[in-house]
Amino acid sequence: MKCPYCSVPETKVIDSRLNQTGDMTRRRRECAECGGRFTTYERIEEVMPNVIKKDGRREPFSRDKVFAGIQKACQKRPVTTQQIDTAVTQIERQIQSYGLKEIPSNSIGEMLMSVLHQLDKVAYVRFASVYREFRDVEEFVADLNREAHPS
């Protein structure tokens, strides 16, 4: 691993730990040249499907986009980064379990809404208001009522 401080290509691992879910390894590294220390995270790269956007375009699934969407909805809410990371991992695993080569973006949006509904109700409402593109308050309230009291 290249040192981010002096760009020497060889660094030494001084500590490795698995995260709580066991799907990522945190490594503390030290550069023998400059003595700089830094942390890297290692995760198995799993093949994810392409996402079919509303306009028909296809793009690779992005964990970062899902993370950013949840993080934005949870802004100024009592939700930790660890909870968001766990939620994103849950969505990724659900998508992988389908075994598809492509998945519609609205399916991912619905998964996000489901996770946010469990995680934080205010974040759920924030995300739903943007995701569902409501035209007015009445439409928004009607949709929330349908979610709260399904037939």
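Can you tell me the orientation of helix 137-148 relative to the chain, as the angle in degrees between its alpha-carbon axis and the longest Cα principal axis, to the nearest 10? That helix lies at roughly 80 degrees to the long axis.
Straight-line reach from Lys2: taking Cα to Cα under 20 Å and skipping same-chain neighbours fewer than 8 places apart, the lysines in range are Lys12. Here the relative contact order of the chain, from alpha carbon pairs under 8 Å that lie six or more residues apart, stands at 16 percent.
Rounded to the nearest 5, what % of the DSSP beta bridges within the chain are antiparallel ones? If we restrict to bridges inside the chain, about 85 percent are antiparallel. When shorter helices are ignored and each DSSP H run of at least 4 residues is given -39500 (n - 2.57), the per-residue value for the chain at 222 nm works out to -14000 deg cm²/dmol. Unpaired Cys in the chain, meaning no second Cys C-beta under 4.7 Å: Cys74.
A Cβ-based charge dipole, computed about the Cα centre of the chain with Lys and Arg at +1 and Asp and Glu at -1, lands at about 360 debye. Within the shell defined by Cβ-Cβ distances under 12 Å, the residues around Ile91 carry a net charge of 0, with Lys and Arg each +1 and Asp and Glu each -1. The GNM of the chain, with springs linking C-alpha atoms under 10 angstrom apart, assigns the highest mean-square fluctuation among Asp55, Asp64, Asp120 to Asp55. Residues His117, His149 in ascending order of nearby Cβ atoms (within 10 Å, fewest first): His149, His117. Where does the longest stretch of the chain lie that holds no GluC sites (Glu not before Pro) found in a DSSP loop with 14 or fewer other Cβ atoms within 10 Å? No qualifying site falls inside 47-132, the longest such stretch. Applying the criteria of a DSSP loop state and at most 14 other Cβ atoms within 10 Å to the trypsin sites (Lys or Arg not before Pro) of the stretch 1-69 yields Lys2, Lys53, Lys54, Arg57. Using the alpha carbons alone, the radius of gyration of the stretch 1-117 stands to its Kirkwood radius in an Rg to Rh ratio of 1.07. The lysines within cross-link reach of Lys54, meaning a Cα-to-Cα straight distance under 30 Å and a gap of 8 or more places when in the same chain, are Lys65, Lys72, Lys76, Lys101, Lys121.
Each reported figure results from applying straightforward, stated rules to the coordinates on display, with no laboratory input. Everything quoted here is computed from the prediction, not taken from an experiment. Here Cβ is always computed from backbone atoms with ideal geometry, including for glycine, and neighbour counts include all displayed protein chains.
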